[in-house]
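To start, the structure itself, in structure tokens.
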Amino acid sequence: MLQQLRLFLTAVQFFTRIPVPAWVGHSAQQLDQSARYFTLVGVCVGGLAAIILWAAALVFPLALAVALSMLGSILITGAFHEDGLSDFVDGMGGGYTREKILAIMKDSHVGAYGVIAIVLVLLLKFQVLLALIHSARSVALAAATLIAAHAVSRLMAVSIMLTQQYVRVDDSARAKPAAQGLNRSSFAIALLIAAAAIMLLPIAGAGMTSVLSALACALLLRIYLAWQLQKKLGGYTGDCWVRCSK
């Protein structure tokens, strides 16, 4: 149990700015094995964002509560996913060869594609959460959606790790230790955690048709992304599955 807790905290250390005890340590092997808990980290991040949303909605207008919740999740993760999204979009949008795409993704500068992607994604997320609150006449559905979405998005990223190979050969890449291989038992654990998070949606009042439609959209987007990655890169990089986690 102590080893499993260490692996979970390793995943927390990788994906968030939340401090972990020194005894957790850090190694490539730990990070590799911690992939089974990536979806659990999503549940935690989504849960913290949901708590911020619920608490802020008691005091502030709904629009401000949603904005504060989004700000909270960005601070918790250190804009890890937003950074990956901008790098990914810049690379895929501005590169015409595999080498050029990888070079652009590694560049620390943010291009026009990346800026536009971040703005549009944040605006879309803001409007969706606000619409969910108004349609359900309750914050509960939006809160449950945050938890489920954070878990499912990381499950999509883990599935990329399971089915494709890591293509960047630079040993300094932060994500490389987490991409050395993912076995099916670890993926099964990640899948079960995500499934448990999804079950919060009908409890919060979501119809099963809506839940299944949302899952189908996530799966279709994952299939399309995997196809594009295989076609243009022959696999994935850290920016690719961090973007998928977004």
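The values are calculated or read from the model by the stated rules, or taken from the named source; none is laboratory data. The shown structure was predicted, so the numbers you read here are calculated from the model rather than taken from an experiment. Here the Cβ positions follow ideal geometry from the backbone for every residue, glycine too, while neighbour counts run over all protein chains shown. Calculation scope for accessible area: heavy atoms of the full protein, side chains included, ligands and nucleic acids excluded. Shrake-Rupley method; radii C 1.70, N 1.55, O 1.52, S 1.80 Å.
Annotations for the structure displayed:
- The condition of being within 26 Å of residue 189 (Cα to Cα) and either at pLDDT below 95 or of a type outside the set (Val, Ile, Thr) (or both) holds for residue 47.
- Scanning segment 196-209 for residues being over 19 Å from residue 155 (Cα atoms) and open to solvent by less than 80 Å² (accessible area, probe 1.4 Å) gives a total of 5.
- Only one of 229, 233, 219, 215 that is aliphatic (A, V, I, L, M) and open to solvent by 70 Å² or more (accessible area, probe 1.4 Å): 219
- Yes/no for residue 73 being over 22 Å from residue 155 (Cα atoms), assigned to a helix (DSSP H, G or I) and not β-branched (Val, Ile, Thr): no
- Looking only at segment 104-129, residues that are more than 9 Å from residue 90 (Cα to Cα), assigned to a loop (DSSP other than H, G, I, E, B) and among the β-branched types (Val, Ile, Thr) come to 0 in all.
- Condition met for residue 86 (in a helix (DSSP H, G or I), free of Cβ contacts under 8 Å to residues at least 60 places away in the same chain and open to solvent by less than 30 Å² (accessible area, probe 1.4 Å)): yes
- Only a single item in (1) modelled with pLDDT under 85; (2) open to solvent by 60 Å² or more (accessible area, probe 1.4 Å) is not met by residue 27, and it is number (2).
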